[in-house]
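Structure first, commentary second.
Here, each number is a calculation from the coordinates, and none is a lab measurement. Keep in mind the model is a prediction, meaning the values are calculated, not measured. So basically every Cβ, Gly included, is an ideal-geometry build from the backbone, and we count neighbours across all protein chains shown.
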Amino acid sequence: MTDIENYVKDIGDQRFSDSKGLPSSGPLKYKDKDVTVIFRRRGGDDLEQSHDKWAKTVNKTPDVINMTFTPIISLLEGVPGIKYLSRAIELYLEYKPPIEDLQYFLDFQIPRVWAPEQNNLQRKEPVCPTLQFSLIGPKLHISTYQVTVGRKPVTGLRLSLEGCKQNRLAIHLQHLVSLPKILHPHWDSHMAIGAPKWHGPEEQDSRWFEPIKWKNFSHVSTAPIEHTETSIGDLSGVHIVTGAQLGVWNFGAKNVLHLKLLFSKVPGCTIRRSVWDHNPSTPTRFDGSSSSISSQTGKLGKIVDMTEMCKGPQDTPGHWLVTGAKLGVDKGKIMLRLKYSLLNY
């Protein structure tokens, strides 16, 4: 192999040392020692016969013969904010949001946490209402604690079993730890938005009551909870979820579990698109914590669907907010389904 390499090198040196007077249109062949070497020009104006004249045209019509890839970030060493730019590029390459949504997508890439905090989940509560599913089976206690997050966009909800016996049903909210920049002009702390309002189903509207297991025992109100005054394109502002609470209507053995949501107004924004999502997203950890409160849920774990319902950067275009929710029953399990919306800012 070394002999062949030396032979080719010698031919190349000879070829270019004689290039001034050597016409070179089309491939040239050298054949010696059972080796054929073909010279083929790349780029430039192939109509030029003279090698020297052809070489001067390469800059105008070059052809790629070798490429080296250099990270864009390496070209910006020393520029302020380089770490943020690097992170933005990584996020874009990973999730590929539409270009027209890129600013919103990046603004929403803020750490997300669940409320209430986990270190408060085992607190003792006073008397809790209960649900009963059979004559001799365990009862499910219902936490009526109001979970609110203030002016922090909610991106998901989940049901959870709490307490030492894992027999107390509670609701948790996933929210951004701070306000995205795109929302500062509309929802900053100095902006007057009016008092948040709780919305829930009507107690007497039995059309939405669905039994969990047997019709003679506890039911769930499956009525959708959303702010009916907000519609797509409404210029007066939109209402998004900033709190949640479970409750129980006492009808004897037929107690009814229901959901209430707290809505806060975001003035100056409109709803671009809304969708009821019945399929949870692929679990993604935004804060590095475990998504499971406890794996030991006992018998009542068969009655409660504790799937995390949330949308994140993996859900194009990556800046969804919760604008509604409803409880449901599926194959004897209490479940939660959410309404997500995209806003025009």
| field | Least to most buried among Met67, Met335 (fewest other Cβ within 10 Å first) | value | Met67, Met335
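Which of Val113, Val64 comes first, and how do the rest follow, when ranked by fewest Cβ neighbours within 10 Å?
On the way: Val113 16, Val64 7.
Least crowded to most crowded, the residues run Val64, Val113.
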| query | Could you give me the ³J(HN,Hα) list for segment 190-195, computed from phi with Karplus coefficients 6.51, -1.76, 1.60 and θ = phi - 60°, whole Hz, x at Gly and Pro? | reply | 7, 7, 7, 10, x, 6
| query | Using a basic spin-label model with each label point 7 Å from the Cα along Cα→Cβ, how many nm lie between Leu76 and Val113? | reply | 2.9
| said: Counting only other residues whose beta carbon sits under 12 Å from that of Lys139, what net charge do I get with K and R as +1, D and E as -1? | reply: +3
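Output the pairs from Lys254/Lys339; Lys197/Lys299; Lys265/Lys326; Lys96/Lys265; Lys152/Lys213 with a Cα-Cα distance over 26 Å in this structure; if there are none, say none. Can you show the working numbers first?
On the way: Lys254/Lys339 28 Å; Lys197/Lys299 36 Å; Lys265/Lys326 20 Å; Lys96/Lys265 30 Å; Lys152/Lys213 37 Å.
Pairs exceeding the cut-off: Lys254/Lys339; Lys197/Lys299; Lys96/Lys265; Lys152/Lys213.
Fully extended, how many nm does the chain gain between Lys302 and Lys215 (0.36 nm per residue separation, minus their Cα-Cα distance)? Don't skip to the answer; put the middle values down first.
Details: separation 87, 0.36 × 87 = 31.32 nm, distance 1.82 nm.
Difference between extended and current length: 29.5 nm.
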| message | For the pair Ile99/Gln49, report the inter-label distance in nm, with labels modelled 7 Å from Cα in the Cβ direction. | response | 4.8
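At 0.36 nm per residue, and after removing the present C-alpha to C-alpha distance, how many nm does the segment from Lys165 to Thr68 gain when stretched out fully?
Numbers: separation 97, 0.36 × 97 = 34.92 nm, distance 6.11 nm.
Fully extending the segment from Lys165 to Thr68 adds 28.8 nm.
Just add up the charged neighbours of Lys333: K/R +1, D/E -1, any other residue whose Cβ is under 14 Å from the Cβ of Lys333. Can you show the working numbers first?
On the way: positive: Arg158, Lys213, Lys299, Lys302, Lys331, Arg337; negative: Glu210, Asp305, Asp330.
With Lys, Arg at +1 and Asp, Glu at -1, the net is +3.
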| GluC sites (Glu not before Pro) within segment 52-103: DSSP coil, no more than 16 neighbouring Cβ in 10 Å | Glu77
| said: Modelling each spin label as a point 7 Å along the Cα-to-Cβ direction, I'd like the Trp276/Val127 distance in nm, to one decimal. | reply: 3.6
| remark: Ordering 39-50, 165-176 by per-residue average of other C-beta atoms within 10 angstrom, highest first, gives 165-176, 39-50
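Could you work out how much longer the chain between Gln146 and Lys9 gets when fully extended? Use 0.36 nm per residue separation minus the Cα distance between them, nm to one decimal.
Details: separation 137, 0.36 × 137 = 49.32 nm, distance 8.09 nm.
This chain segment gains 41.2 nm when fully extended.
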